[in-house]
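Every number here is computed from the coordinates shown, using simple stated rules; none is lab data. Everything quoted here is computed from the prediction, not taken from an experiment. With ideal geometry, Cβ positions are generated from the backbone for all residues, glycine too; neighbour counts draw on all protein chains shown.
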Amino acid sequence: MEDKSYIERLMEFGLTRQEAGIYGCLISEGKTTGYEVAKQLGISRSNAYNSLASMTEKGAAYLVEEGTTKKYVSVPLDEFCRNRIRRLEESQRWLKKHMPSEKRSCRRVHYNRRFF
């Protein structure tokens, strides 16, 4: 039996618990400011704005500037999930192509930090 919540399922797509909660808020409220998100969820404005910035980088939200006001809107769920899956598949292909051979020493493997 499945006991996972909507939030937990969103977390499987790379969102933090707070970002997943904000995503749900954006879906139900529509285009909104970080202040309004913070007020709705009872979190600090700085946490709301930091999470919203992270969500735009992860492809879960769009930033919409209306005059001097910055508002956020959720990326449609299908689009967000499809894009995350596509990026993971691209990473999988790259990993397979660049996988070190078994005989190669672990010390010779170069690790480069790259965030998606």
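Helices in the chain, meaning DSSP H runs of at least 4 residues, each add -39500 (n - 2.57). Divided by all residues, the mean residue ellipticity at 222 nm is -16500 deg cm²/dmol.
Dipole magnitude for the stretch 15-63: computed about the Cα centre from +1 point charges on Lys and Arg Cβ and -1 point charges on Asp and Glu Cβ, it is near 60 debye. Peptide packing: for 6-15, 22-31, the average count of neighbouring Cβ atoms within 10 Å per residue gives the ranking 22-31, 6-15, highest mean first. Build a GNM of the chain with springs between Cα atoms under 10 Å apart, and of Ser74, Ser51, Ser101 the one that fluctuates most is Ser101.
Over 30 Å apart at the Cα level, from the set Lys4/Lys39; Lys4/Lys70; Lys71/Lys96; Lys4/Lys31; Lys58/Lys97, are Lys4/Lys70; Lys71/Lys96. Residue separation of Ser28 and Arg93 scaled by 0.36 nm, minus their Cα-Cα distance, works out to 19.8 nm of gained length. When Kirkwood radius over Cα pairs in Å is computed from the coordinates, the matching label among (i) 16.2; (ii) 14.2; (iii) 14.7 is (i). Around Thr32, with a cut-off of 10 angstrom between Cβ atoms, what is the net charge of the other residues, counting Lys and Arg +1 and Asp and Glu -1? Taking every other residue near Thr32 into account, the sum is +1. The residues packed around Glu65, meaning those with a beta-carbon under 13 Å from its beta-carbon, carry a net charge of +2 if Lys and Arg are +1 and Asp and Glu are -1.
The order of Val37, Val64, going from fewest to most other C-beta atoms within 10 Å of their C-beta, is Val64, Val37. Calculated FRET efficiency, Arg82 to Asn47, Cβ-Cβ distance, R0 = 25 Å: about 0.35 to the nearest 0.05.
Averaging the sequence gap over all C-alpha pairs within less than 8 Å and six or more residues apart, then dividing by the number of residues, gives the stretch 1-55 a relative contact order of 29 percent.
The charge dipole of the stretch 28-91, taken about its Cα centre with unit charges on the Cβ of Lys, Arg, Asp and Glu (plus for the first two, minus for the last two), comes to roughly 140 debye.
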